[in-house]
Amino acid sequence: MKTPELLNYARDEWTRGAGDLRAIPSAIDGSTIAATGSDGLDFAAMLAHARDVGGPALRKMTFHERAWMLKTLGLAIMERKEELYALNPHSGATRKDGWIDIDGGALTLLSYSSTGRKKLPDAHVLLDGEQEPLAKEPGFVGQHIMTPKQGAAVHINAFNFPVWGMLEKVAPTLLAGMPCIVKPATATAYLAEAAFRIMIETGVLPEGAVQLIVGGVGDLFEHLGGQDVVSFTGSAQTANKLKNHPTVLEESVTFVAEQDSLNASVLGPDAGPDSPEFTLFVDEVVREMTVKAGQKCTAIRRALVPEAQLDAVEKAMNERLSALTIGDPREKETQLGALVSCSQRDDVRAKIAELTRGGARIVYGDPDADVGTEGGAFITPCLLRADDPWSADAVHDVEAFGPVATIMPYKDVDDAIALANRGMGSLALSMFSHDEAAAATFVRGAAAFHGRMLVINRDNAKLSTGHGSPLPVLVHGGPGRAGGSEEMGGVRGLHHYMQRTAIQSTPAMIAAISGQYVAGAPKHESPVHPFRLKMSEMELGQTFFSKSRTVNLEDIERFARFTGDTFYAHMDEEAAKASPIFEGRVAHGYLILSFAAGLFVDPEPGPVLANTGIEDLKFLTPLYPGDSMRVEITVKSKSIKSEETGVVKWAVEIFNQDEELVATYTLLTENTP
Ligand code: NAP
């Protein structure tokens, strides 16, 4: 059978690399699974195409339009995922391993789609933080805004998660409104290319929005500029080389690095061999060693154990490891598949040798044992033990990117903190403890060195998403050795691909620039009650001005009797007067809110389906018996959740008879789009 040739996707054309292509071996038996190359591509023209065609097209779309596009991409991958699962075993991965990559990748797109529709405005500009008053009088304010960078995002990915690794970068980049050029690792580029092809075939991506390089990046780095972003995942060595590229330095190209990490897991000082935490810890360390054959940037490399428990942990882990079935990842019973390639296996063997020279000894497994299928990249899991972790420098420094972990003792919580932090910055750390005081001391002492931390125990283990799973809503990244960057984390993940700019002007100008209603901006009286409008018919800034009503003492007393809220400030004139806040009895805040609803609600069934909450409620001026109140309710933002429903946020302002603000809040309603 002819070897499948992978194609680049350059300037909206599928393009074969020129000349001889490079063979990619299957992890199962070393046979050639695909051939690939990118020679002959015009990398400068690809960057220009992204900047001149893809960027403008994406920037024309709102956050919501781009979010709907991500949904289509995610659903397409879900629908066609079996095409990817058919290729998955050649990367050495079992079906279970593939779930993290393939389903996990599609779910990341879907999660970002949801973040975009729920947390971002249906607009082109993101408001960052609150308005800052800059003058004594209202009318001159500061507001940070974020707009998409006008360059290209170059994504360079590691081999271990060819689908997820691509999509966890593509999702926030496209949602931010920036085009990208994806360069998967060669070893598993066939999976990335297949997933990329599914996305192109949906037809929803604008021209120039995405491009693919299945080979080297040629002279691409020479052509980078200050609006471009490089987002890299891989080894610290390659990261250092690329981030120190002269053009990256001279042009101040944003460089995001996710690199290797000596992640730790800690068995709490409270967790004896009979505790649930002991079993949970042993299971998790073994799981992290074996999922994806340990080729996970977040995998546990260092297992820190109270001195007294080290022998028991070693014994329990050996039992689990010896029960594993290693072999062809296509077989159902296989629990540990292969490494991605024989050269990766050689690298793991070399790193194990470094670890043993550096003060650790092997207590389970034989890296040189012949396991798995003929010609495949298999290795037995390898458990090491470092009895003196303070003299075994290598265990805190050498990353064997395979099914390898080292157990080591610690004396007390302070010692555990110092050992955990000796990895000089990691992506993920877990602690297995039911002792809140010990866990709190540990987390406070170690958090600055770790990007994500889990405290697992008998109360939450069943719900836990696991040590090694990065989640789209949480940050993925870590300080120091782990690269010093963050990816994902919901809306935070868009920030690398957007420029923050401080704008100083009137609220009206900020509203015009951002396309969003902001406090102090002009309001437009709605010709019909806005509760009668579908979301598509409403305009931001459209306002309903209510009539006014008086609040008298009888109202306050009735409300107090009815609700049981007889707080002194409403019921005791003398005590209220004696307080440093009130001049006498005042209306309940909740009474004011209830009267406000009575003033602005339009009662008949219609596009407003339900009141779903109130945000940022502030009571600013007390309302005394005999005072009157009126309400202005303004359309502030609209977010469409699905074809049936969306959320409208309303800026509500309540004034008294002297035009003083009594209360402000944001009302949330569920609406028909
Ligand atoms: P790598 O050798 O550094 O390669 C990473 C990527 O860089 C690949 O796409 C590679 O392409 C590319 N690359 C290499 N040299 C380049 C150059 N001169 N110019 C442009 N691109 C270049 O790392 P790896 O062996 O694939 O991945 C394993 C490492 O990644 C481990 O250390 C692991 O901890 C780390 N990792 C980190 C994370 C994280 O999120 N922090 C996630 C996964 C993996 P080719 O394949 O074509 O050489």
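The values are calculated or read from the model by the stated rules, or taken from the named source; none is laboratory data. The shown structure was predicted, so the numbers you read here are calculated from the model rather than taken from an experiment. Backbone-built Cβ (ideal geometry, glycine too); neighbour counts: all protein chains shown.
With the condition kept exactly as written, say whether any residue in the stretch 170-187 is over 25 Å from Val491 (Cβ atoms) and more than 10 Å from the ligand (Cβ to nearest atom). Even if it seems obvious, please write down each step before you answer.
Step one: list which residues in the stretch 170-187 are over 25 Å from Val491 (Cβ atoms), which gives 183-187.
Right, trim to more than 10 Å from the ligand (Cβ to nearest atom) and you get none.
Among the residues of the stretch 170-187, not one is over 25 Å from Val491 (Cβ atoms) and more than 10 Å from the ligand (Cβ to nearest atom), which makes the answer no.
Listed here are the residues, each with its yes/no results for (1) surrounded by 19 or more Cβ atoms within 10 Å (Cβ to Cβ); (2) touching a His at 6+ places or on another chain (Cβ under 8 Å); (3) among the β-branched types (Val, Ile, Thr).
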| site | (1), (2), (3) |
| --- | --- |
| Trp68 | no, no, no |
| Ser91 | yes, no, no |
| Gly105 | yes, no, no |
| Tyr112 | yes, no, no |
| Asp128 | no, yes, no |
| Glu132 | no, no, no |
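Okay, residues lined up against (1) out of contact with any Ser or Thr (no Cβ under 6 Å at 6 or more places or on another chain); (2) under 25 Å from His245 (Cα atoms); (3) of a type in the set (A, V, I, L, M):
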{"position": "Glu168", "(1), (2), (3)": "no, yes, no"}
{"position": "Thr188", "(1), (2), (3)": "no, no, no"}
{"position": "Arg197", "(1), (2), (3)": "yes, no, no"}
{"position": "Thr202", "(1), (2), (3)": "no, no, no"}
{"position": "Gly215", "(1), (2), (3)": "no, yes, no"}
{"position": "Phe221", "(1), (2), (3)": "no, yes, no"}
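For the stretch 305-327, which residues satisfy the criterion of being part of a loop (DSSP other than H, G, I, E, B) and either surrounded by fewer than 14 Cβ atoms within 10 Å (Cβ to Cβ) or within 33 Å of the chain's Cα centre (by Cα) (or both)? It would help to see each step written out before you state the result.
Just the residues of the stretch 305-327 that are part of a loop (DSSP other than H, G, I, E, B), to begin with: 323-325, 327.
Hits for the stretch 305-327 are Ala323, Leu324, Thr325.
When you look at Glu132, is it under 30 Å from Ala511 (Cβ atoms), without any contact (Cβ under 8 Å) to a residue 24 or more places away in the chain and either touching a strand residue (DSSP E or B) at 6+ places or on another chain (Cβ under 9 Å) or within 16 Å of the ligand (Cβ to nearest atom) (or both), yes or no?
Details: under 30 Å from Ala511 (Cβ atoms): yes; without any contact (Cβ under 8 Å) to a residue 24 or more places away in the chain: yes; either touching a strand residue (DSSP E or B) at 6+ places or on another chain (Cβ under 9 Å) or within 16 Å of the ligand (Cβ to nearest atom) (or both): yes.
So Glu132 fits the description; yes.
With more than 13 Å from the ligand (Cβ to nearest atom) and without any contact (Cβ under 8 Å) to a residue 40 or more places away in the chain as the only criterion, which of Thr247, Thr290, Thr279 stands out?
Values: Thr247 fails: more than 13 Å from the ligand (Cβ to nearest atom); Thr290 fails: without any contact (Cβ under 8 Å) to a residue 40 or more places away in the chain.
Within the list Thr247, Thr290, Thr279, the selection yields Thr279.
Kindly evaluate Val340 against the criterion of being within 15 Å of the ligand (Cβ to nearest atom) and either small (Gly, Ala, Ser) or assigned to a loop (DSSP other than H, G, I, E, B) (or both).
Working: within 15 Å of the ligand (Cβ to nearest atom): yes; either small (Gly, Ala, Ser) or assigned to a loop (DSSP other than H, G, I, E, B) (or both): yes.
Yes.
Within the stretch 358-375, the set of residues being farther than 21 Å from Ala323 by Cβ and either at pLDDT below 95 or within 16 Å of the ligand (Cβ to nearest atom) (or both) comprises Gly358, Gly359, Asp368, Glu374, Gly375.
Can you tell me which residues in the stretch 561-571 are farther than 21 Å from Leu617 by Cα and surrounded by 15 or more Cβ atoms within 10 Å (Cβ to Cβ)? Please lay out each step first, then the result.
As a first pass, look at the stretch 561-571 and keep what is farther than 21 Å from Leu617 by Cα: 561-562, 564, 566, 568, 571.
Hit for the stretch 561-571 is Met571, nothing else.
Tell me whether the stretch 619-628 contains one or more residues that are touching a residue at least 60 places away in the same chain (Cβ under 8 Å) and part of a strand (DSSP E or B). Yes; the residues of the stretch 619-628 include at least one that is touching a residue at least 60 places away in the same chain (Cβ under 8 Å) and part of a strand (DSSP E or B). Within the stretch 474-494, the set of residues being modelled with pLDDT of 95 or more and more than 16 Å from the ligand (Cβ to nearest atom) comprises just one member, Leu494.
Which members of the stretch 38-66 meet the condition of being touching a strand residue (DSSP E or B) at 6+ places or on another chain (Cβ under 9 Å), over 16 Å from Val182 (Cβ atoms) and among the small types (Gly, Ala, Ser)? Hits for the stretch 38-66 are Gly40, Ala45. Show the residue pairs that are 6+ apart or on different chains and have beta-carbon atoms under 8 Å apart, the first residue being within the stretch 176-204 and without any contact (Cβ under 8 Å) to a residue 60 or more places away in the chain, the second being of a type in the set (D, E, K, R) and within 12 Å of the ligand (Cβ to nearest atom). From the stretch 176-204, the pairs are Val182/Lys169. Among the residues examined, Phe232 qualifies as near the ligand (Cβ under 9 Å from one of its atoms), modelled with pLDDT of 95 or more and either in a strand (DSSP E or B) or not assigned by TED's automatic domain parsing to the domain that holds Pro179 (or both). For the stretch 203-220, enumerate the residues that are within 16 Å of the ligand (Cβ to nearest atom) and surrounded by fewer than 20 Cβ atoms within 10 Å (Cβ to Cβ). Correct list: Gly216, Val217, Gly218, Asp219.
Filter the stretch 256-276 down to residues that are over 17 Å from Leu454 (Cβ atoms) and either among the basic types (Lys, Arg) or within 16 Å of the ligand (Cβ to nearest atom) (or both) and give me whichever is surrounded by the most Cβ atoms within 10 Å (Cβ to Cβ). Among residues in the stretch 256-276 that are over 17 Å from Leu454 (Cβ atoms) and either among the basic types (Lys, Arg) or within 16 Å of the ligand (Cβ to nearest atom) (or both), the one surrounded by the most Cβ atoms within 10 Å (Cβ to Cβ) is Glu258. For the stretch 22-47, the candidate set comprises residues that are without any contact (Cβ under 8 Å) to a residue 60 or more places away in the chain and among the hydrophobic types (A, V, I, L, M, F, W, C); within that set, the residue that is nearest to Ala338 (Cα to Cα) is Ala23.
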